[in-house]
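First the structure, then my questions, so here it is.
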Amino acid sequence: MPVFRLFFVCGLCLCLTEAAIGQANPPARSEPARSLSVPASPLPSGPKITFNSVHVEGPYVAMTFDDGPSATLTPKLLDLLAARRMRATFFIVGENAAEYPEIVRRAAREGHEIANHSWSHPNLSKMSDEGVRRELQKTDDAITAAIGVRPTLLRPPYGSITARQKSWINEVFGYRIIIWDVDPLDWKRPGSGVVTSRIVNETKPGSIILAHDIHPATVEAMPATFDQLEARGLKFVTVSELLAMARPSPPGPDATAAPVARPAAPPVQPPASAPAAPVVSSPAGPN
Ligand SMILES: [Zn+2]
């Protein structure tokens, strides 16, 4: 198997784990020699890099808002969150962060997590390593300039990223890759009522909920969404806080959900549509 031979020739310390990767993710074609300078793909036996949701033992979920900050909508959302003493995670587009650093600062000051969503929202899976590195570094720098702290999470635009990219990005930037398990498709502008019902119906403990603070109807949907999730006993934390609560998943399919605390709540159903787990997904939806 060519990939094995390359790794042994390389003679570096990752031989065993890399070989395991070769079995788990056989490359479609031989990689050029230069790719040996970065890991080939995620380490199956190493720390987990990518998260769609988290197995937790308490009723915790993470609200995430992508693509901002927006000059008008993000402050409105921050007001809503502050009134409820809720914290969320903002996956920031670097261009916007550079334009509105004061909004990023306010979000951080109010306890929200600020994370990297690239500089210009491209499909990273179709870019060169150097292009991806520039996208991430510029945004990392813009966030750091705004709030004085480096982000530790990346959400690739559209959830689109290859296994090899995830691995080297984790090595180079230290980022964990955050996707989502609840997607109300709010970018299709279905109306605030639909955004609320989709989120409420799909969310379970440990969920990572995707929304966009650049659409008016999404922000309008949030009070009812928060009310209904809170009525089910769910509590909001940042993504990093949720990750820190992670427990090993019990065996069995879809065994990640702990029961919701409140018995009066409507039943928690797994999403009727498949939860988004796009390793390389279509860029049709502006996530
Ligand atoms: Zn996005």
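Read the figures in this text as sums done on the coordinates, not as results from a lab. This one's a predicted model, so the numbers in the text were calculated from it and none came from an experiment. FYI the Cβ positions are ideal-geometry reconstructions off the backbone, even for glycines, and counts take in every protein chain you see.
Mind checking the full-extension length gain between SER240 and VAL149? Use 0.36 nm per residue of separation minus the Cα-Cα distance, one decimal, nm.
Details: separation 91, 0.36 × 91 = 32.76 nm, distance 1.40 nm.
The SER240-VAL149 span can extend by a further 31.4 nm.
If you take every residue apart from MET245 with its C-beta less than 13 Å away from the C-beta of MET245, what net charge results, scoring Lys and Arg +1 and Asp and Glu -1? Mind dumping the intermediate values first?
On the way: positive: LYS235, ARG247; negative: GLU57, GLU241.
Its environment carries a net charge of 0.
Then there's this: Measure off 7 Å from each Cα along the Cα-to-Cβ vector at SER128 and LYS76, then give the distance between these two points in nanometres to one decimal.
According to this spin-label approximation, the distance is 4.2 nm.
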